[in-house]
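Please read the structure below before turning to the comments.
The values are calculated or read from the model by the stated rules, or taken from the named source; none is laboratory data. Just so it is clear, the model here is predicted, and its values are computed rather than measured. Positions of Cβ are backbone-derived with ideal geometry, glycine not excepted, and every protein chain shown enters the neighbour counts. Just so you know, the surface numbers come from the protein's heavy atoms only, side chains and all, with ligands and any DNA or RNA stripped out. Shrake-Rupley method; radii C 1.70, N 1.55, O 1.52, S 1.80 Å.
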Amino acid sequence: MTKRLVFETMGGATIEIDLEKCKKCDSKACVEACNKPHMGSILGLDENGMPQLVLDEAKVNRGACTDCLACELDCELYGNKALKITLEMPDLDRHLKVLKEKGENVVYWE
Amino acid sequence: MARLLEYEGKELFSKANINIPQGKATDNLKEAQKIAEEIGYPVMVKAQIYQGNRGKIGAIKSAKDPGELQQVVTNLLDSKIGSLNVDKILIEKKMLFEKEFYLGITSNPATRQPALIFSDAGGMDIEELAQSQPEKIITQSIDISEGLYDYQARDALRKCSTVKNKELVRTADIASKLYRIYRENDCKLVEINPLVVDEDGNIIAADARVDIDDDAVWRNPDLGLASAEEAGDRPATYLETEAGRIDEGDHRGSAHFVQIDPDGSYAKEIGKISIGYNTVGTGCGLTLLDEVVPLGYYPVNFCDTSGNPTSLKMYAATKIIFSQPIIKGYIFVTGVAAQLLDNTARGIIKALKELYPDTGGKPNIPCVFVFRGRSDDIALKLFEEHGISDSPMVKMMGRKATERDAARAFDDLYKQWISG
């Protein structure tokens, strides 16, 4: 089974790190990004050099994670695309569904 | 807009032991017929929309028998009154009444206190009445540390010479109950217009208006309202309710989004081009409006993302703005901001990358991004690193740019895009 690190943030996002992919990543850009000035510093490396939470999840969820998205963006550019941040937006989905049913478009569908 | 429909307001009234007419809300003819049979004809059929003066605009009709009811309900349900869809109707027993009062509790910004407002000229628009016959309106401030006791309400109503004896006592009792509804539900306004006195002397709330403080919606989940910015008399759109969620449970910075022209019809009517709009700081937003509108563009939304919002908030706001179906461009400008603009940029970049996965985040409409303030250099660099700055549809600007520069840059970009 694929090893994953999954946790939730105060802003309602879910951060999921595919640790299998991290094994092939030299940069661990997510950890570096998280530890820059003004960032949350919630990610560190474990004894095997893999990303881990250095704070307990309750603190992360109470705002220790600053929801800065830097881990995902830097992982995408300099890492192994192992980290995904998702935010549920149910009413946006409903809006888009209604548009589709009406045959209307939004610019990014064109 | 955090406002209850009439039938929802009446449910609150009923729970507080304020008399309401017999009736029930429905969204179909079959149930409407059943309700009418139960309460007996004649009945009133009332469109449940966020609109005052419904009687004058054909949103309230009476039906004396099943045939008339079928006709009225068929015409009203799923129709459009102004720009509002009628999804629900309230079927109520038609009442005969002898008097109509106005009774309301509202927040008075001048005194910073709630105020009891009463008039014996109910059924009329209270704002109109305040202009034409101000002497007909009684107002009394309420000390929130005391509340509104029955005797205080009675004292207030005694100023009106036409309300006496049992009527006075019963109306004062309703005023106290109305005040409790106002306080317990964080209301801005609770209004009964008209409050009627029937043939038997019963006092009944024939209508209900309940407006909740937008910032307190989250404290009142039982009301079932979505958090959304004030948007006039129309209900919030899905995009607005989604935007209303951005700040829920997360105090770090804010995102205020409202659709000024949800279907773009107004922009079209005045011959302007619809654009998406986001600024850091409302003042900056207004200054930019002064520059873009004369050039022929009309922001169909207003959005202010300031107070150092998280990147995640910026991401959500950007996705929402781009999901408006009629925009032909997008402008993002920060005032000279103290907030971390690199975080602001990250949110926008993630949104663009998700919206435009095939181009790595390069948009297909003209977009101007102006970053001015703390970490603006990092913000601009991030757009470069992610390969968005070099898009032909994108113009990046830094702290030397003014709102006028931003508007002109957008105009140039738009003209290039249109010419092809």
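Observations
- Think of each Lys and Arg Cβ as +1 and each Asp and Glu Cβ as -1; about the Cα centre, that makes the dipole of the protein assembly as shown roughly 380 debye.
- Net charge contributed by nearby residues that have their C-beta within less than 10 Å of B:Phe101 (K/R +1, D/E -1): -2
- Distance between the pseudo-spin-label points of B:Leu168 and B:Ser62 (7 Å out from Cα toward the beta carbon): 3.2 nm.
- For chain B, the longest principal axis of the C-alpha atoms and the axis of helix B:6-15 are separated by about 60°.
- Among B:Val293, B:Val197, B:Pro235 the positive-end extreme of the charge dipole of region B:192-351 (Cβ point charges): B:Val293
- Pairwise FRET efficiency - B:Asp390 versus B:Gln71, Cβ, R0 = 56 Å, nearest 0.05: 0.35
- Positive-end residue of B:Asn364, B:Gln140, B:Gly123, charge dipole of the protein assembly as shown with Cβ unit charges: B:Asn364
- Relative contact order [Cα under 8 Å, 6+ residues apart], chain B, whole percent: 12
- Whole-angstrom gap from region B:108-127 to region B:185-241, using each part's C-alpha centre: 16
- Couplings 3J(HN,Hα) for region A:66-83, derived from phi with the Karplus relation 6.51 cos²θ - 1.76 cosθ + 1.60 (θ = phi - 60°), are 8, 6, 8, 6, 5, 4, 5, 5, 6, 4, 5, 7, 10, x, 10, 6, 9, 10 Hz, where x marks Gly and Pro.
- With every protein chain in place, region B:260-354: carbon and sulfur % of accessible area (1.4 Å): 56
- P(r) histogram, all alpha-carbon pairs of chain B included - 20 Å bins from 0, percent: 23, 43, 28, 6
- Net charge dipole, region B:150-208: roughly 320 debye, given to the nearest 20, about the Cα centre with Cβ charges of +1 for Lys and Arg and -1 for Asp and Glu.
- Residues of the protein assembly as shown: accessible area per residue with a 1.4 Å probe, Å²: 47
- Across the protein chains, with a 1.4 Å probe defining accessible surface, the residues B:Arg245, B:Arg183 rank B:Arg183, B:Arg245 from largest area downward.
- Relative to the dominant Cα principal axis of chain B, helix B:403-419 is inclined by about 80°.
- Counted by Cβ distance under 10 Å from B:Val368, the other residues give a net charge of -1, where Lys and Arg count +1 and Asp and Glu count -1.
- Rounded to the nearest 100, the interface formed by chains B and A buries 3000 square angstrom of accessible surface, both chains summed, with a 1.4 Å probe.
- Options B:Ala206, B:Gly283, B:Ala226, ranked by Cα towards positive dipole end of chain B, top entry (Cβ charges): B:Gly283
- Each of A:Met39, B:Met314 has its accessible area taken with a 1.4 Å probe; listed largest first, they run A:Met39, B:Met314.
- Electrostatic dipole magnitude of chain B [Cβ: Lys, Arg +1; Asp, Glu -1; Cα centre; debye, to 20]: 440
- Rolling a 1.4 Å probe over the protein chains gives B:Trp417 an accessible area of about 80 Å².
- Centroid-to-centroid, using Cα positions, region A:44-67 and region B:50-101 are 58 Å apart.
- Largest first, the residues B:Phe371, B:Phe302 sort by 1.4 Å accessible area into B:Phe302, B:Phe371.
- Positive minus negative residues near B:Asn193 (Lys, Arg vs Asp, Glu; Cβ under 10 Å): -3
- Computed label-point distance, nm, for sites B:Asn108 and A:Trp109 using a 7 Å Cα→Cβ extension: 5.2
- Taken one residue at a time, the phi angles of region B:68-80 give Karplus couplings (6.51, -1.76, 1.60, θ = phi - 60°) of 5, 4, 4, 5, 5, 5, 4, 5, 8, 5, 6, 8, 10 Hz. Gly and Pro are set to x.
- At R0 = 30 Å, FRET efficiency that the Cβ-Cβ distance of B:His251 and B:Lys381 yields, to 0.05: 0.55
- Label point distance in nm, B:Leu96-B:Ala115, each placed 7 Å from Cα along Cα→Cβ: 3.8
- Cross-link reach list, lysines versus B:Lys350, counting only Cα pairs under 23 Å and skipping chain neighbours closer than eight places: A:Lys21, A:Lys28, A:Lys36, A:Lys81, A:Lys84, A:Lys97, B:Lys313, B:Lys319, B:Lys328, B:Lys362, B:Lys381, B:Lys395
- A Förster radius of 35 Å combined with the Cβ-Cβ distance from B:Asp358 to A:Lys36 puts the calculated FRET efficiency at roughly 0.70.
- Cross-link partners of B:Lys64 among lysines, defined as those whose alpha carbon lies under 28 angstrom from its own and excluding same-chain residues fewer than eight positions apart: B:Lys10, B:Lys24, B:Lys30, B:Lys34, B:Lys46, B:Lys56, B:Lys80, B:Lys88, B:Lys93, B:Lys94, B:Lys99.
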